[in-house]
Amino acid sequence: MRLKESLPLILWILCMSTGCVHKAPLSTQMSAEQLEVRLEAEASKIRSIKGQARLKIDSPQQKGVLEVLVAAQLPDAIHLELLDGLGRPVRIFVSKAGRFELWDIEKNVFYRGLATQRNLERFLPLYFSPQELVLVLLGAAPRLAATRVEFPGNTQEEGRFISLELKGEKGLQRLRVHTENFRVEESEVWGDNQVYKLAFASFIRLGAKGFFPEKRVLEVSSSQLFLELSYTDYSLEPLLEDKLFTLVLPQGIRRVEVEEAIDWEGEGRSTEGKGLGP
């Protein structure tokens, strides 16, 4: 065989030996439904976290940088503490199994009620239900209930990323997925009651646990809200005791029961008033 004729074969052998074989696009290897399943599998590898984070907030109501103590565990357990400049808690929020408790230490008021997005916003304008917030704290994007999952248009891979669309009765969500670690780096939602952009960054490799983003950014243009949460010290997969998600209060705190009824449209209507007793 002459050299000119054998050159393609030689190049192919060299590529095989050095790992430079061209891979087919992800969209031709995996269906949209299979990609969604893979995203769920990767996200579920991390089920709990405990640590400290820095929260930057920019909204019409509040601006600044806050320190936050965080503990969260799937599916819906949360413990959050806002700290003042001296590291003392000024507001503590806990939630588990559909109930929440909020101790506003500055106002000397304790709230208790259903674990809903509206009641979570008594703590901070975090824009998620407690169940969704757990996912965000663990580095995963909450997903709309979808009746159709697809690659938008004739989408192909753009470098290391690909787009995935989820369409359902409640709206549309577009995910930007990293094709090497199968983690969502950006989520945009256009829903009946939600329009926001959520991004994850500063990914670190965890070996068998995959990848974890140390930073997440939320933007809600309709309310001019910008939030950036960056972990500064944390441990993954810690054992979290149940007592972490229940508040023990000193005497002399005003207690308020927060009732919230959910109508058929999914809209919350909250009322306050009933004292809880000591």
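The values are calculated or read from the model by the stated rules, or taken from the named source; none is laboratory data. If you're wondering where the values come from, they're calculated on a predicted model, not measured in any experiment. Note that each Cβ is placed from the backbone with ideal geometry, even for glycine, and that neighbours are counted across all protein chains shown. Areas reflect the complete protein model, heavy atoms only, side chains present, ligands, DNA and RNA absent. Shrake-Rupley method; radii C 1.70, N 1.55, O 1.52, S 1.80 Å.
Within the span defined as segment 35-48, one or more residues are modelled with pLDDT of 95 or more and assigned to a strand (DSSP E or B). Checked against (1) more than 27 Å from Lys63 (Cα to Cα); (2) open to solvent by 40 Å² or more (accessible area, probe 1.4 Å), Lys107 passes all but a single condition, namely (1). Taking residues in segment 61-81 that are at negative phi, and partners anywhere that are part of a loop (DSSP other than H, G, I, E, B) and among the charged types (D, E, K, R), the pairs with Cβ atoms closer than 7 Å and at least 6 places apart or on different chains are Gln73/Arg47; Leu74/Arg47.
Is it fair to say Glu42 is touching a strand residue (DSSP E or B) at 6+ places or on another chain (Cβ under 9 Å) and either open to solvent by less than 30 Å² (accessible area, probe 1.4 Å) or farther than 30 Å from His178 by Cα (or both)? Lay out the reasoning, then the answer.
Details: touching a strand residue (DSSP E or B) at 6+ places or on another chain (Cβ under 9 Å): yes; either open to solvent by less than 30 Å² (accessible area, probe 1.4 Å) or farther than 30 Å from His178 by Cα (or both): yes.
In short, yes.
Within segment 92-145, restricting attention to residues that are touching a residue at least 24 places away in the same chain (Cβ under 8 Å) and polar (S, T, N, Q), the residue that is nearest to Glu185 (Cα to Cα) is Gln131.
So that you can scan it fast, the table gives a plain yes or no per residue for (1) modelled with pLDDT under 95; (2) of a type outside the set (Gly, Ala, Ser); (3) within 11 Å of the chain's Cα centre (by Cα):
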residue	(1), (2), (3)
Ser187	no, no, yes
Gln194	yes, yes, no
Ala199	no, no, yes
Arg205	yes, yes, no
Lys215	no, yes, yes
Ser222	yes, no, no
Ser230	no, no, no
Ser235	no, no, no
Pro238	no, yes, no
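Whether a residue is open to solvent by 40 Å² or more (accessible area, probe 1.4 Å) and within 30 Å of Gln251 (Cα to Cα) was assessed, and Arg122 passes this test. Phe226 satisfies every condition listed in (1) closer than 20 Å to Phe123 by Cα; (2) open to solvent by less than 30 Å² (accessible area, probe 1.4 Å); (3) of a type in the set (Phe, Trp, Tyr) except (2). Consider Ala97 against the criteria (1) at pLDDT 90 or above; (2) surrounded by fewer than 15 Cβ atoms within 10 Å (Cβ to Cβ); (3) in contact with a Lys or Arg (Cβ under 7 Å, 6 or more places away or on another chain): it satisfies all of them except one. Which criterion is unmet? It fails just one condition, (3). Does Ala77 fit the bill of being among the small types (Gly, Ala, Ser) and at pLDDT 95 or above? Considered against the rule, which asks whether it is among the small types (Gly, Ala, Ser) and at pLDDT 95 or above, Ala77 comes out as yes. Taking segment 229-255 as the range and being surrounded by 15 or more Cβ atoms within 10 Å (Cβ to Cβ) and among the hydroxyl-bearing types (Ser, Thr, Tyr) as the test, the residues that pass are Ser230, Tyr231, Tyr234. Please go through segment 67-94 and pick out each residue that is open to solvent by 40 Å² or more (accessible area, probe 1.4 Å) and more than 22 Å from Glu257 (Cβ to Cβ). Listed by number, the residues that qualify are Glu67, Leu69, Gln73, Pro75, Asp84, Gly85, Leu86, Gly87, Arg88, Pro89.
Looking across segment 46-66, the residues that are crowded, with 18+ Cβ neighbours inside 10 Å and among the aliphatic types (A, V, I, L, M) come down to Ile46, Ile49, Ala53, Leu55, Ile57, Leu66. Restricting Leu175, Leu198, Leu166, Leu206 to those that are touching a Pro at 6+ places or on another chain (Cβ under 9 Å) and either open to solvent by less than 30 Å² (accessible area, probe 1.4 Å) or farther than 17 Å from Ser230 by Cα (or both) reduces the list to Leu198.
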